[in-house]
Amino acid sequence: MTEPAKDPQIMLAALARSHPVLELGTLDLCFLAALHLQAEGAALSAFSEDELSDVFEQACAIVEPRADNLKRRATHAIQRLRDQKLLARVDGAGVLRAGEFALTRLSASIVESYLADESLTRENLTQLTRSLRLSLAEILSRASQARDSDDWRNAVEAPLRVSVSDLVSGIERRQRSLDLEQQAFQATIAKLLESDWFGAVDQCLELLESTSRTLTELNEILLRDAHELSSSLQDIQEITVNAQAEGAEAAVERVMEQVDRIRAWGAARQRAWSEYYQYVHRYLCDVVRLDPSRALIQRLREQLSQHTSRPFALSVAAAASPRLLREIEPFKDDKPKVSRPRAERERPPNESDAIDQHAIVEELVQGALSRGSLGLCDVTQQVSAETPPELRFVTAGRVAQVVARLARTTLDRDRPWVSVNEDLVIEEWKLAKGGAHG
Amino acid sequence: MADTRYLTLGDVVADELFPDVDLALRRGRHVDREDSLWYTFLVDAQALLEAFYRRFGCELIHPTDGYFYLLPTGDKLGRRHLSVPEMLVGQALTLLYLDPATLQSGGVIKRADALSHLAAVMGSDALTRAFNPKRKRVDERVAQETVRGKFAEALRRLAALGFVDLLDADALRLRPGLLRFAEPVRGRGSPAEALERLVARGELVLGEGELEVDEDGELADDSGEQAEPAAPAPEPFELPSEVLSEFDDFGDDLSPPVTPEDET
């Protein structure tokens with residue numbers, strides 16, 4: 001089964017939702033450490049409540065010897081640790097009997113990081129890389145014989161995820177311890193010089209040399225062995241890719257990344273140490289050896305504090321930068337200019353004959369009346385036939401106006417609405433025969 | 001001229017490093033072992049370049065502390081004298097360079113630590129007055145802001161001269177060239193004699209250095225008064241006895257440190 005890729009954002013969001021908080025004082029940490037040491041020493045897998053209280057009292061006797069109410073404090077401490085998932089009840093008996101408790105993985109890791117004294121050394125690094133090489137050789141052999149998914153899972157993926165990964169993590173953990181050791185070592189050199197100045201030079205040089213030797217050896221081992229490990233991992237990866245065993249392939253990639261990381265650590269520390277080494281060497285030679293009585297700092301301090309009353313200024317060269325004249329090139333503007341086409345805002349009027357629509361309508365109405373039309377509808381129909389459709393509505397009004405002027409209408413009480421065409425309905429006027437006004 | 005890869009000055013000038021190193025030196029840069037390629041180049045070409053630069057009226061100096069710089073002794077090559085803020089900040093940084101506590105971080109310090117060290121040695125009032133010389137009545141807040149601004153500007157200019165590396169907004173690395181600021185108090189003799197010797201060599205001048213120059217190269221004028229033009233660089237001279245007498249008690253109660261010349 002392939003492990004799904006872990007999205008850091010999703011994991012962080014899930015972690016934030018659970019509101020994890022760790023608050024551990026010295027006493028709590030020592031209590032946990034005491035439990036851890038007791039479990040290791042006596043090969044205990046769990047502690048009863050009484051045993052927990054006893055261990056707490058032992059820890060308290062060392063950390064806070066004058067503390068009282070130890071039973072109550074033990075109860076609170078146990079509850080505090082349980083709330084923070086540092087101590088877990090493991091018997092599952094609930095209220096039936098007193099519980100049994102064990103340290104969780106979280107608390108074990110915390111305690112180990114404080115107690116562990118396993119910094120990277122030539123011996124343990126050689127041993128770890130040898131074990132890694134053997135494990136990878138075995139996995140490579142099994143991978144070439146794997147036939148089905150069970151084979152891949154049991155013979156390749158699981159060993160890569162558990163044993164190989166743990167071995168590499170072991171190297172990484174020791175690397176981190178060595179980092180801490182170096183920090184402490186740098187502080188030690190500073191303290192040695194602070195306390196003994198000229199007398200500490202030889203001791204500082206010895207410390208520098210021994211640490212340089214250690215780092216160089218470790219880096220050589222890392223470079224050599226990491227190369228072999230990467231080579232074996234690539235062989236395994238090739239087989240997994242050909243067999244399309246995705247889970248095993250992902251496990252190989254993860255281990256490869258870890259191996260790359262431990263190799264990069266070696267190079268980075270070597271570089272950083274080299275800078276530090278040179279700096280301290282220079283300091284010892286230029287400052288400490290030339291000022292064995294350590295008077296220079298005091299004299300310089302005095303010089304600085306009196307500078308405003310007795311000023312002086314160092315001279316430095318200050319040649320002006322050479323003035324390089326560049327060729328003058330005419331300004332090229334390739335961009336199109338913002339403009340609009342020139343055009344006359346007012347167009348000149350076109351000469352055309354005026355059309356008098358009223359006169360045309362009147363002429364058409366006269367024609368219709370002369371042909372003996374007897375109603376407004378008939379006249380309108382005849383005029384509309386000669387008119388474009390969009391003007392027919394307007395024309396109908398003008399026709400009525402002209403008819404009213406030129407003809408006489410007979411009065412009817414009811415004037416029916418009649419359809420002129422599909423779009424127009426008008427009130428019908430009956431016209432008297434020969435009814436034109438004249 | 002044994003063990004050098006350069007037989008003639010032409011070989012030196014033909015090296016691809018020469019233009020950059022030459023320009024940097026002429027601009028006052030101090031080149032130390034951390035500029036590994038430049039430093040190796042200068043060590044290899046030192047004998048040839050010393051004669052070369054002498055023709056320009058300047059000396060290629062290589063103290064035993066392990067750095068190079070160009071010191072103009074004539075008027076052919078331009079020179080300047082560090083301003084008061086640069087001198088104060090430079091000396092404070094030198095104190096930190098000499099402090100064994102700085103070893104722990106490999107010579108990397110915080111800017112704030114440098115400023116607080118300067119204030120602790122000089123006293124806050126004296127520091128404020130030194131950084132606000134033209135103001136008679138100063139608002140405390142404005143004066144402190146000026147101190148911070150001039151401190152940052154001094155750091156920037158000292159970095160350009162190779163005395164420090166500005167690593168980021170907050171951190172800086174101290175470099176061996178800073179030991180130049182301690183020269184007057186390094187000899188076995190009295191500081192007054194050391195000053196006399198250094199002035200004669202053209203390493204420094206007595207009095208305040210150049211007027212402060214802002215980023216645009218314009219003379220800064222805090223008070224609104226017209227700034228006086230910078231005086232031309234003085235030629236090496238012998239100090240009058242009345243000036244030297246002012247420094248007679250300088251560091252008298254302390255035993256002077258050993259210098260390389262003294263050892264030899």
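Here are a few things to note about the model shown:
- Its Cα centre serving as origin, region B:84-178 has a Cβ charge dipole (Lys and Arg +1, Asp and Glu -1) of approximately 400 debye.
- Average partner coverage of A:280-292, which counts Cβ from other chains inside 10 Å: 5
- By the Stokes-Einstein formula, at 1.306 mPa s and 10 °C, chain A with its Kirkwood radius over alpha-carbon pairs has D equal to 46 µm²/s.
- Positive end of the dipole of chain A (Cβ unit charges, origin at the Cα centre): among A:Ser274, A:Leu284, A:Thr129, the Cα lying farthest that way belongs to A:Leu284.
- Here the extension length gained between A:Gln278 and A:Glu40 equals 81.3 nm, from 0.36 nm per residue of separation less the Cα-Cα distance.
- Separation between Cα centres of region A:339-407 and region A:23-74, rounded to whole Å: 114 Å
- Annotation: the residues A:Cys30, A:Cys285, sorted from fewest to most other C-beta atoms within 10 Å of their own C-beta, follow the order A:Cys285, A:Cys30.
- In percent, rounded to a whole number, the relative contact order of chain A is 11, using alpha-carbon pairs under 8 Å and six or more apart.
- Region A:122-297 - charge dipole about Cα centre, Lys and Arg +1 at Cβ, Asp and Glu -1, debye rounded to 20: 320 debye
- For the residues of A:177-186, the average number of beta carbons from a partner chain within 10 Å of their own beta carbon is 1.
- Rounded, prolate or oblate (a/c below 1.5 giving rounded, otherwise prolate when a/b exceeds b/c) for region A:368-438 by Cα gyration tensor: oblate
- Each label point was placed 7 Å from the Cα along the Cα-to-Cβ direction; for A:Asp68 and B:Lys110 their separation is 4.4 nm.
- For peptides B:84-96, A:53-65, sequence by mean Cβ density within 10 Å, most packed first: B:84-96, A:53-65
- Estimated 222 nm signal from helices in chain A, with DSSP H stretches of n ≥ 4 weighted -39500 (n - 2.57), rounded to 500: -19500 deg cm²/dmol
- Backbone HN-Hα couplings from phi across region A:376-385 [Karplus 6.51/-1.76/1.60, Hz, Gly and Pro as x]: 4, 4, 4, 4, 4, 4, 5, 5, 4, 4
- Remark: mean inter-chain Cβ contacts per residue of B:102-112 equal 5, using a 10 Å Cβ-Cβ cutoff to other protein chain atoms.
- Rounded to the nearest whole Hz, the Karplus-based 3J(HN,Hα) values (6.51 cos²θ - 1.76 cosθ + 1.60, θ = phi - 60°) of region A:129-141 follow the sequence 5, 5, 4, 4, 4, 5, 4, 5, 5, 5, 5, 4, 5, with x at glycine and proline.
- Electrostatic dipole magnitude of the protein assembly as shown [Cβ: Lys, Arg +1; Asp, Glu -1; Cα centre; debye, to 20]: 1960 debye
- Amide hydrogen neighbours beyond the local backbone of A:Gly375, cut-off 5 Å, H modeled: A:Leu431
- Amide H within-cut-off set for B:Phe68, under 5 Å, with H built and near neighbours excluded: B:Val31, B:Asp32
- Between A:Asn242, A:Asn124, A:Asn350, the GNM of chain A built on Cα springs shorter than 10 angstrom shows A:Asn350 fluctuating the most.
Throughout, read-outs are computed from the coordinates displayed, never taken from laboratory work. None of these values were measured; they are calculated from a predicted model. Methodologically, a virtual Cβ is constructed for each residue, glycine included, from the backbone with ideal geometry; neighbour enumeration extends over all protein chains shown.
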